[in-house]
1. Modelled label-to-label distance, E48 and S2, 7 Å Cα→beta-carbon offset: nm?
2. For the chain, the longest stretch holding no GluC sites (Glu not before Pro) located in a DSSP loop with at most 16 other Cβ atoms within 10 Å is which?
3. What FRET efficiency, computed as 1/(1 + (r/R0)^6) with R0 = 22 Å and r the Cβ-Cβ distance, is obtained for E19 and Q265, rounded to the nearest 0.05?
4. For the pair E272/A228, report the inter-label distance in nm, with labels modelled 7 Å from Cα in the Cβ direction.
5. Run through the DSSP bridge list for the chain and note the antiparallel percent, rounded to the nearest 5.
6. Given a cut-off of under 8 Å on Cα pairs at least six residues apart, what relative contact order in percent is computed for the chain?
7. Per residue of the stretch 214-230, in order, report the coupling 6.51 cos²θ - 1.76 cosθ + 1.60 (Karplus, θ = phi - 60°) as ³J(HN,Hα) in whole Hz, putting x for Gly and Pro.
8. Note the angle between two axes, namely the Cα long axis of helix 86-97 and the longest principal axis of the Cα atoms of the chain, as a number of degrees from 0 to 90, rounded to the nearest 10.
Amino acid sequence: MSSFLHTKYQALEAYTPGEQPRDKQYIKLNTNESPYPPSQAVLTALGEEDIRDLRLYSDPEGKALKLALARLYGMGADQVFLSNGSDDILNFAFMAFGQDGAVFPDLTYSFYPVFADLHGVPYSTVPLHEDFTVDVPGLSGTGKLTVLANPNAPTGIALPLSEVEKIIASNPDHVVVIDEAYVDFGADSAAALVDRYPNLLVVMTYSKSRSMAGARLGFALGQPELIADLEKLKFSTNPYNVNRLTLKLGIAAVASDDYFRANAQRIMATRETTTNALRQMGFSIPDSQANFLFITHPQVDGAKLYQACKDKGVLIRHFSTPALAPYNRVTIGSEEEMAAFLSVVEEILAEEGV
Ligand code: PMP
């Protein structure tokens, strides 16, 4: 740290993204990326002309992509906000709507407390139930910005839409953010509720089901006033927040909705077989509606399993916080990748004498 950093940031603890090691080829099951490539339409969307046009700024309003997404979700273009990955939207949400503080579950996306600290938003957390489900009354009527990942991360558990709606309806004077990064893997989207609740902001991403994590594209759906608030912050920080290539790829991806939905189905089927196989080996796993599993084994230390997998060429995600230390989060990869992962785990269990 230099002596120049503003005192308000000196104690800030930044978010730690999942590792992206380059030392060797790993089976990468640690950052919830899709094992499948983007759609054919996306693969062929860019030509030399697009690279030439990089001399020009992108459309700061992203009109064409907004229209495409608006049509897909059955709303107006003024109900869509575009961003450089959905983390950007979460950042803006804490910046814009955190005046009275923020509330989120104690076990959830570990970026939320970082955004809160970044913007000086005081926050409190609501413990999950023992089975890792969300405490709906605890998150209701908070009188604060309320943030819920649905499905939740790293548990993968989804809350039914009727329960999500209770949280939204109970907090009419404050924004409720539903972070739907993983919604396409089996949960119900709160997008259907946007027209009824002016305090609802639904946040989605192209990074998971749409196989475009590297393109950095996120979007939010909400009523026009709420979207205008986000636009105000965007135009006060980085008006060209989505680059030309990504805008174009994003439109191509919307046109191939069926392709990514089929991939999501395939990932859900692989999730089913992987869950069953791991449970047979003695792992406890909540039923996941996401593209990852939250696994623990009574006889194998979480950090040890992570390291042994890494040594054998499979990367999974381990969190070192004490509450999460017995667990690992495992992204659902292709059928072949999961078969390789399962045999690595079998080997490790044998080595541990389990
Ligand atoms: N929300 C949740 C719950 C996530 O796990 C992630 C991925 N780390 C994000 C949002 C952000 O994803 P992106 O910025 O790639 O859209």
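The values are calculated or read from the model by the stated rules, or taken from the named source; none is laboratory data. The model shown is predicted, which means the values in this text are computed figures rather than measured ones. Note that each Cβ is placed from the backbone with ideal geometry, even for glycine, and that neighbours are counted across all protein chains shown. The protein model used for the area step is the full one, side chains on, heavy atoms only, and it has no ligands, DNA or RNA in it. Shrake-Rupley method; radii C 1.70, N 1.55, O 1.52, S 1.80 Å.
1. 4.2 nm
2. Details: sites that count: E13, E19, E61, E130, E352.
Excluding the exposed sites themselves, the longest stretch runs over 131-351.
3. Values: r = 29 Å, r/R0 = 1.32.
Between E19 and Q265 the formula returns 0.15.
4. 4.7 nm
5. Details: 16 of 32 bridges.
Bridges in the chain are about 50 percent antiparallel.
6. Values: 645 pairs, mean separation 79.8, N = 354.
This gives 23 percent for the chain.
7. x, 7, 6, 9, x, 8, 10, 10, x, 6, x, 5, 5, 5, 4, 4, 5
8. Taking Cα atoms only, the helix is inclined about 60 degrees.
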